[in-house]
Structure formats: C-alpha cells, structure tokens
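What follows is a set of notes on a single structure, which appears directly below.
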Amino acid sequence: MLLITLLPYALAVWQWQRGQDKELLLRSLTSAMSTAPVGLVYREVEPPPEFTRVRLIQGEPAGPLLELRNSYLGGQSGRRILQPWRQGPDRSLILLDLGWLVDGARVPDFKPEQIQPQGYRMPTPHHFVLSGAVKGVAGPVDEVDEAALRRRYPGRWFQGVVVLENSPDPLLHWPVVPEFMPDRHYAYAIQWLLLGFCLTALSWLMWRRRHEIH
C-alpha cells in the first residue's frame, strides 16, 4: 500500500521534470530561430545536436533517400524523407531531413538546387518498433541504421539530423517545436499530485479505522 501511495508522487516529479526539460528546449529553439544560421563545421570532439540553426557549406546529396515510415503529422500517417549529404571542404556528412510526405503520395525526384540546405540540428529520429521491422539506409524503413550509414558512406559524420526550414514541394516541413508543451506536462504533474493526496488520505483513514477496531 505504501508503494501504491508513493507512486503518484514519483510520477508527479517525473512529469514536472519533463516540463522543465521542454521549457529549456523551447528557449533553445526560440533563441535559434532569432539568430542567423551558422555554417556547419565539423569538430573532432563533436557535441550532440543542440537545436542550433545551421546551413550546409556547398552541400550535395551523398546517397539515395530514406523514407522513415510511421511518422505522424496532424493526425495523418506519413513518412519523413531523409537523405545523407556531403558538405564543406572536408566532405563531412550529415543526414538531412527534407520534410514529411503523407502515405500514398509518390516521392518526387528532387534536384539538389531545389533544396535550400538550411535548418535546425536535432537528434536522429528513433521509433519504438516491433520485431521484424525494417532497419536500413535507403528506401522505406522503420528505423534508420546509423551504424550501417557510416559504413556505407565513410567519412566524418555529424550527429543527429538537420531538419530543413523550408521543405521542397510537395513535402511539408517537419516541426522542430515539441508536440507536448511544458504546460501539458505540468498539468499531468498536478493530476498525479492530487491522486497522491487522495491515496494518502485514504491510507490514513484505513489505518485509523484499523486501530479503532483494535
């Protein structure tokens, strides 16, 4: 009974922490959106993606498209269209998120000059997938095989992806703002906290009644 009583408090703390994490993320995104994009320069000690606004230097495709399935936007099922690109004098590599396409629509042929390689650095998208899901580096996949990408295209790889600011038609821009806002996490935290209070009161009443009987 003690564990059941304490569980809602632990979940309330967890949701509150998630809300604070989302606030930090939104501040980073707001700051990035108000600054000019910086050139993507590879460093030996490559930091993780920090949601910075960047532009590729002399970027060009390095391989075929990936279609990351089960990517939902506005309640519709679709695919995120990804592609490895080379850029800069050192020919470093980055996975470019070109945008989102609804299921059933054919992926058009893109020319490099149609794509403005400028956007936001974000972590590589990962899905919770079942056994038997396709993990690969080209075509329709359920998960991006990052290790296989690095073997297939050897060189200096940036972590994460660059999500384009402006996706080429008919693709839609994949939103960099998180779907769950901090307020929603705080609301969940309050709900769990109230449930914890109710369970605490119920436990106290049960304990008092047991002692009155004895």
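Considering 105, 36, 12, the condition of being without any contact (Cβ under 8 Å) to a residue 24 or more places away in the chain and either of a type in the set (A, V, I, L, M, F, W, C) or in a loop (DSSP other than H, G, I, E, B) (or both) is satisfied by 36 alone. Taking the criterion of being on the phi > 0 side of the Ramachandran plot and assigned to a loop (DSSP other than H, G, I, E, B), the residues of the stretch 64-95 that qualify are 74, 75, 88, 91. Tell me, yes or no, whether the stretch 148-157 has at least one residue that is open to solvent by less than 30 Å² (accessible area, probe 1.4 Å), more than 17 Å from residue 68 (Cβ to Cβ) and modelled with pLDDT of 90 or more. Checked the stretch 148-157: at least one residue is open to solvent by less than 30 Å² (accessible area, probe 1.4 Å), more than 17 Å from residue 68 (Cβ to Cβ) and modelled with pLDDT of 90 or more. So, residue 97, is that one touching a Phe, Trp or Tyr at 6+ places or on another chain (Cβ under 8 Å) and of a type in the set (Asp, Glu) or not? Taking the combined requirement at face value, the residue satisfies it. State all residues of the stretch 39-51 that are in a loop (DSSP other than H, G, I, E, B), within 16 Å of residue 120 (Cβ to Cβ) and open to solvent by less than 50 Å² (accessible area, probe 1.4 Å); if no residue qualifies, say none. The answer is 40, 47, 49, 51. Among strands (runs of 3 or more DSSP E) entirely within the stretch 118-203, having at least 2 residues that are touching a Gly at 6+ places or on another chain (Cβ under 8 Å) singles out 118-122, 157-164. Restricting 132, 99, 104 to residues that are within 20 Å of the chain's Cα centre (by Cα) and of a type outside the set (A, V, I, L, M, F, W, C) narrows the list to 99.
The values are calculated or read from the model by the stated rules, or taken from the named source; none is laboratory data. Just so it is clear, the model here is predicted, and its values are computed rather than measured. Heads up, the Cβs are rebuilt from the backbone with ideal geometry, glycines too, and the neighbour counts pull from every protein chain shown. Just the protein is used for accessible areas: all its heavy atoms, side chains included, with ligands, DNA and RNA removed. Shrake-Rupley method; radii C 1.70, N 1.55, O 1.52, S 1.80 Å.
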